[in-house]
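The values are calculated or read from the model by the stated rules, or taken from the named source; none is laboratory data. Bear in mind that the values here come from a model prediction, so they are computed numbers and not experimental data. Here Cβ is always computed from backbone atoms with ideal geometry, including for glycine, and neighbour counts include all displayed protein chains. Surface areas here come from the heavy atoms of the whole protein model, side chains and all, with no ligands, DNA or RNA. Shrake-Rupley method; radii C 1.70, N 1.55, O 1.52, S 1.80 Å.
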Amino acid sequence: MTLLAPENLPDFFKRRHGRAPQLFRAPGRVNLIGEHTDYNDGFVLPAALDLATYVAIAPREDRVIKVHSANLNADFVADLDAPQRAAGDWSDYVLGVALELEKSGHRLRGAEMIVMSVLPMGSGLSASAALEASVGYALLSVAGAPIDRLELAKICQRAENEFVGMRCGVMDQFISCHGVEGCALLLDCRSLEARPVPIDPKVRILVCNTMVRHQLAGSEYNLRRQDCEAAVALLSQTIEGVRALRDVSVAEIESHAALLPETILKRARHVVTENARVLQVVAALEADDFETAGELMNASHASLRDDYNVSCPELDLMVTLARAAPGVFGARMTGGGFGGCAVSLVEASEAERFAEIVGPSYEEKTGLKPMIFSCYPGPGAGPVVF
Ligand code: GLA
């Protein structure tokens, strides 16, 4: 099936429903560093992609939402006044957001919607957060409600935690709602304060999709969270004021290593050192010290692979190939892991050649044709006018 282009979505909607829709979008993201730190109250440094999910919407007079997915050519219908259960598919992200919006006091209108995404699903670029944020933005807009981006991000996260059953942190939903053009965002996941970190035009962010996603991703994610909670329970007995791994320093994790079982220690060590790396990368980027930023990205990958155990052979291969390409300062896996994408920091003048070098070697070794693209950070969720 040829994918509908976003600019054709309004016409497609008109043909199906006989009236013009309003159009909204919300982006996916690439995380430069700060992996598996968000649910530990830590720091992250994501950038919103210029790839997004789009929602065409027109209100109805009743409280029924009717949704068509242009990517999947699938439909679902739900009555907001009837009890709802998760179906275990894409509709959960849409309905979950609608139900959470209602729970937090918004009275929604029924609507016809068509959703379409140019984000590859299951590739670790947060297609699910983009779907949640675009739907949430669209539903609030047609209900005439003012939009508070932070509230929307939290509602989308709750929908995923409670309705979909994935205990994700807030990073993906936050950046999808708050993206800033040309910048990554340093987000403190405890205070939810964010600061834009401009990406210097001397460098490019290159994203390489391994084209694999191992089944483990969801179940292992929730297990990692449990390991972190176990570490906090043990460390808080001897270190005062520890509410989350965010409160533990690199020196403390080393001096308290004997308190923790081996696996729990590895998990905690990743989180604690990764938090420190995020702040160091921000300082390096702000000082135009791309060598240091790249080395820290490499260290992040090693920690995710060896201590957090969320990498996989395809991601390890992709970062090895990326690092061998000219002008690459550093490369690491990005997102939850077990497949999905790697991110590299590359000298702008070498960015064009990067895909030509990395793509064929990855394909030769795996038989998989990777999708490789340069990311120019874009804005967060909002209305679209073509
Ligand atoms: C997924 C989750 C995020 C975050 C990352 C890992 O993308 O949705 O909340 O935990 O994994 O950094």
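Considering only alpha-carbon pairs that sit under 8 angstrom and 6 or more positions apart, the relative contact order computed for the chain is 23 percent.
Using a ≥ b ≥ c from the Cα gyration tensor of the stretch 91-236 (square roots of the eigenvalues), is it rounded, prolate or oblate, where a/c under 1.5 gives rounded and otherwise the larger of a/b and b/c decides, a/b for prolate? The shape class here is rounded.
For the pair the stretch 248-272 / the stretch 71-131, the C-alpha centres are spaced 39 Å from each other.
Positive end of the dipole of the stretch 203-375 (Cβ unit charges, origin at the Cα centre): among PRO261, LEU279, VAL343, the Cα lying farthest that way belongs to PRO261. Helix 217-235 axis versus longest C-alpha principal axis of the chain: approximately 50°, rounded to the nearest ten. Compute log10 of I(q)/I(0) for the chain with the Debye formula, placing one identical point scatterer on every Cα and leaving out solvent, at q = 0.14 Å⁻¹, to two decimals. The Debye formula, applied to the Cα set alone, gives -1.19. With a sphere of radius 15 Å drawn around the Cβ of ILE199, what net charge do the other residues whose Cβ falls strictly inside it have (Lys, Arg +1; Asp, Glu -1)? The answer is -3. When the chain is described by a simple charge dipole with +1 on each Lys and Arg Cβ and -1 on each Asp and Glu Cβ, the residue from ILE57, GLY378, ASN161 located farthest towards its positive end is ILE57.
When the trypsin sites (Lys or Arg not before Pro) in the stretch 188-246 are filtered for DSSP coil states and for at most 16 other beta-carbon atoms within 10 Å of their beta-carbon, the remaining sites are ARG190, LYS202, ARG243.
Most tightly packed first, judged by the mean number of other beta-carbon atoms within 10 Å of their residues, the peptides 50-61, 30-41 read 30-41, 50-61. Using heavy atoms of the protein chains and a probe of 1.4 Å, the accessible area assigned to HIS17 is about 60 Å². Charged side chains reduced to their Cβ positions (Lys and Arg at +1, Asp and Glu at -1) give the chain a dipole of some 960 debye around its Cα centre.
When the chain is treated as a Gaussian network with alpha carbon springs shorter than 10 Å, the biggest mean-square fluctuation among GLY88, GLY169, GLY136 belongs to GLY88. Accessible area per residue for the chain is 40 Å², calculated with a 1.4 Å probe on protein heavy atoms, without ligands, DNA or RNA.
For the chain, the longest principal axis of the Cα atoms and the long axis of helix 313-324 meet at an angle of about 70 degrees. In this simple spin-label model, placing a label point 7 Å from the Cα along the Cα-to-Cβ direction at both PHE373 and GLU162 gives a separation of 3.4 nm. Rounded to the nearest 10 degrees, the angle from helix 91-103 to the longest Cα principal axis of the chain is 80 degrees. Note on the stretch 6-198: dipole from Cβ charges, positive end direction compared against PRO6, PHE43, ILE175; the farthest Cα belongs to PRO6. Counting only protein heavy atoms and using a 1.4 Å probe, the accessible area of VAL385 comes to about 130 Å². Each Lys or Arg adds one and each Asp or Glu takes one away; over the other residues whose Cβ falls under 12 Å from the Cβ of TYR137, this sums to -1. Bridge orientation summary for the chain: considering DSSP beta bridges with both residues in this region, about 90 percent are antiparallel. Accessible area ranking (1.4 Å probe, heavy atoms, ligands and nucleic acids excluded), largest first, for PHE24, PHE373: PHE373, PHE24. With bins 5 Å wide beginning at 0, the percent of Cα pairs of the stretch 6-198 falling in each bin runs 1, 8, 17, 22, 21, 15, 9, 5, 2, 0.
Cα-based radius of gyration for the stretch 114-153, normalised by 2.2 N^0.38 Å, reads 1.28.
The largest accessible area among GLU356, GLU102 belongs to the first residue in GLU356, GLU102, and the rest follow in falling order (1.4 Å probe, all chains). Here the Kirkwood formula, the inverse mean of 1/r across different C-alpha pairs, assigns the stretch 203-375 a hydrodynamic radius of 17.0 Å.
Per-residue SASA remark: SER303, around 10 Å² accessible (1.4 Å probe; ligands, DNA and RNA not included). Any idea what log10 I(q)/I(0) is at q = 0.10, 0.18, 0.22, 0.25 Å⁻¹ for the stretch 291-386, Debye with uniform C-alpha scatterers and no solvent? For the requested q values the scattering log ratios are -0.29, -0.83, -1.13, -1.34.
Local charge for SER128 was computed over the other residues whose Cβ lies under 12 Å away, with Lys and Arg +1 and Asp and Glu -1, and equals -4.
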